[in-house]
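The values are calculated or read from the model by the stated rules, or taken from the named source; none is laboratory data. In this text the structure is predicted, and so the values were computed from the model without any measurement. Neighbour counts are summed over all protein chains in view; Cβ atoms, including those assigned to glycine, are modelled from backbone coordinates with ideal geometry.
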Amino acid sequence: MPEAQQEPDSPPRARSARRRLGVLDTVRLGLLVAGLLCVATGLLPRADAEANMRRIAPLLLFLGSVIVLANLARRAKVFDVIAHRLAIIAGGNYAGLFLLCVLFASITTTVLNLDTTAVLLTPVMLALAVPARIPPLPLAMTTLWLANTASLLLPVSNLTNLLAADRVALDATGFAARMWLPQALSIAVTMVWLWWWYWRRGERGTDRYVVPEPIRPADARERVLLYASGGACVLFVLAIPLVGDNIGIAAAVAAVLVVAVFAICDRSALRWSLFPWQLLVFVSGLFLVVPTLSAHGLSTLMDHLIGDDTSGPGIFRAAGAGAALSNVVNNLPAYTAGEVVIAHGERNQLLALLIGTNVGPVVTPWASLATLLCLEFCRSHEVRVPMRKFVLTGLVLGVAATLAATAGLLITG
C-alpha cells in the first residue's frame, strides 16, 4: 500500500516565526487591527484617533526605549551585579531579603514610576534567583504587585497620577499629604499577602538561601559594557525628576548611548528582538478601541458605576469602579473614562478613582502596563507564572488593598 503523500515541511524561518507569534501576540495584533477598523469605519472619528495617538506618543517612546535600555543592561550584567549585592546584604535570611526587596521596589516605584520599576527592577529580582537558588516566582510577584500598589504617593509614581494632578490642583507636596496614608496601607496589605502566598516557608521550600559571591567583570570589554550600561541607567533615573513630560526623550537618549557602546564592544547583542513591538502594538490598539467604546456606551456605563454620591460610600464606589474597569480594559483608559464623568471640584471622588486604577489592576495580565512588562520579562527569563493562582491571589489583593487605601483617603481628607 503506497504511503500517503506528505506535505513538504514549512521553511525553518516560517516555523520559527509561528512559534514566536504566540496567542498573546495574536491578540495584540488583533486589537490593533480592531482599532484601525474603528477609525476606518468612522466609529472613532479620525480627529479623536489622532489626538489619542499624539497623547500616547511619549508613552510609546518611553516604553520602547526603556525596554531596549533594560535588555542591554541585563546583557551587560548590570542586574546580576545588583542582584548579588542584595543577596549578600540579606545574608541568606529570607525575611531580611523580603524586606529589602519590598523596600527597594516601593522606593523605586514611588520616586520614579511603576513602569521603570517593572523594566529595571524585574530583571534584578529574576537574576537573583539563580545564584542564590531562590524560587523566582516570589521575586517576580514582589516586583509585579508593588509596581502597582506602591504607585500612589507622588504625581511621578504613575502616569495616571500625572493625568490626575492637574484636575485635583495639587502640587507634589499636597498630593503626598493626601496620599501618604493610602500608600502606606496599600503597601502593608501587599506585604501581608506577598509573604503568605509566595514567600513563607511552605511556599519557598527552604529555610535559607545560598549567599552568592559578588560578580566582577572578567575583562576590559565587560567592564566597559557594565559601567556604560549602569551609568546610562543612573543618568536616566536622575533625569526623571527633571525632565517632566519628556521622560520618553530621556529614555531614548539613555538607550541610544548604550546601543552605541554595544555597537563598538558587542555588536552581536544588537538584535531586532530587543525592541518590544508587541507592547507598542497592544498600547496603540488599546487607545483606539477603548475611546471607541467610550463614545458608544462606556462613558455611560462609568457614569452609572461611579455615580454622583460624594459621601463615604460614593468614594468607595468610585474606587471599586476604577479597579473593576482597569482589570477589564487596562488602567490608563479606565482612568480616562472615569475622569470624564466626575464633576470638577470633586477631589475625593477623583482620588478614589485613582486609587482603584493604581492599586486594583493586579488581577488580569493586561490590567496595567507595569503588569504586562513584568510578565514579559518573566516570559523572557522562562519563569512560569501560574495564571489561576495569579488571578485568584490578585483578586484578593486588589480588593483588600483598594479598600484599605480608600479608607486611608477618607481619613486624610
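Of all residues being among the β-branched types (Val, Ile, Thr) and out of contact with any Leu (no Cβ under 9 Å at 6 or more places or on another chain) in the stretch 82-120, which is farthest from residue 61 (Cα to Cα)? Just the residue, please.
88
Could you go through the stretch 136-153 and let me know if any residue there is surrounded by fewer than 18 Cβ atoms within 10 Å (Cβ to Cβ) and hydroxyl-bearing (Ser, Thr, Tyr).
Within the stretch 136-153 (the criterion being surrounded by fewer than 18 Cβ atoms within 10 Å (Cβ to Cβ) and hydroxyl-bearing (Ser, Thr, Tyr)), the answer is no, since none of the residues qualifies.
I want to confirm something. Restricting to the stretch 240-272 and keeping residues that are under 20 Å from residue 58 (Cβ atoms), more than 20 Å from the chain's Cα centre (by Cα) and not β-branched (Val, Ile, Thr), which single residue is modelled with the highest pLDDT?
Here the answer is 257.
At pLDDT below 90 and under 13 Å from residue 378 (Cβ atoms): does that describe residue 120?
No; evaluated as a whole, the condition is false for this residue.
Can you name the condition, by its number, that residue 190 falls short on among (1) β-branched (Val, Ile, Thr); (2) more than 29 Å from residue 392 (Cα to Cα); (3) surrounded by 23 or more Cβ atoms within 10 Å (Cβ to Cβ)?
So residue 190 meets the others, but not (2).
Is it fair to say residue 167 is within 30 Å of residue 130 (Cβ to Cβ), surrounded by fewer than 18 Cβ atoms within 10 Å (Cβ to Cβ), out of contact with any strand residue (DSSP E or B) (no Cβ under 9 Å at 6 or more places or on another chain) and not aliphatic (A, V, I, L, M)?
Here the answer is no, as residue 167 does not meet what is asked.
Pairs only if they're at least six apart or on different chains, beta carbon under 7 angstrom, first in the stretch 51-75 and of a type in the set (Lys, Arg), second in a helix (DSSP H, G or I); list them, first residue then second.
74/123; 75/269
Can you name the residue in the stretch 49-63 that is surrounded by fewer than 16 Cβ atoms within 10 Å (Cβ to Cβ) and modelled with pLDDT under 90 and, of all such residues, is farthest from residue 253 (Cα to Cα)?
Quick first cut of the stretch 49-63, residues surrounded by fewer than 16 Cβ atoms within 10 Å (Cβ to Cβ) only: 50-51, 53-55, 57.
Next, from what is left, pick out any that are modelled with pLDDT under 90: 51, 53-55, 57.
Numbers: 51: 25, 53: 22, 54: 20, 55: 20, 57: 16 Å.
Filtering first and then ranking leaves 51.
Using the structure shown, decide if residue 175 is among the aromatic types (Phe, Trp, Tyr) and without any contact (Cβ under 8 Å) to a residue 60 or more places away in the chain.
yes
Could you grab the pairs with beta carbons closer than 6 Å, sequence gap of 6+ or different chains, first residue in the stretch 146-161 and free of Cβ contacts under 8 Å to residues at least 40 places away in the same chain, second one assigned to a helix (DSSP H, G or I)?
155/161; 155/162; 155/165; 155/172; 155/175
Do any residues in the stretch 208-233 that are aromatic (Phe, Trp, Tyr) have Cβ atoms under 8 Å from those of residues that are modelled with pLDDT of 90 or more and part of a helix (DSSP H, G or I), where the two are at least six apart or on different chains, and which pairs are they?
209/94; 209/97
Inside the stretch 98-135, can you point out the residues that are of a type in the set (D, E, K, R) and over 12 Å from the mean Cα position of the chain (by Cα)? Full working, then the answer.
Start the filter on the stretch 98-135 by keeping residues that are of a type in the set (D, E, K, R), which leaves 115, 133.
Hit for the stretch 98-135 is 133, nothing else.
Applying the selection to the stretch 380-398, what residues are closer than 25 Å to residue 67 by Cα and exposed (fewer than 13 other Cβ atoms within 10 Å of the Cβ)?
Listed by number, the residues that qualify are 382, 384, 386, 387.
Is there any pair linking a residue in the stretch 243-271 that is aromatic (Phe, Trp, Tyr) to one that is assigned to a helix (DSSP H, G or I), with Cβ under 6 Å and at least six apart or on different chains, and which?
262/72; 262/269
Just wondering, is there one or more residues in the stretch 379-394 that are in contact (Cβ under 8 Å) with a residue 12 or more places away in the chain and more than 25 Å from the chain's Cα centre (by Cα)?
No.
Residue check: is residue 138 touching a Phe, Trp or Tyr at 6+ places or on another chain (Cβ under 6 Å) and part of a helix (DSSP H, G or I)?
Spelling it out, residue 138 is indeed touching a Phe, Trp or Tyr at 6+ places or on another chain (Cβ under 6 Å) and part of a helix (DSSP H, G or I).
Among the residues of the stretch 59-69, is any out of contact with any Leu (no Cβ under 7 Å at 6 or more places or on another chain) and farther than 24 Å from residue 258 by Cα?
For the stretch 59-69, residues out of contact with any Leu (no Cβ under 7 Å at 6 or more places or on another chain) and farther than 24 Å from residue 258 by Cα: absent.
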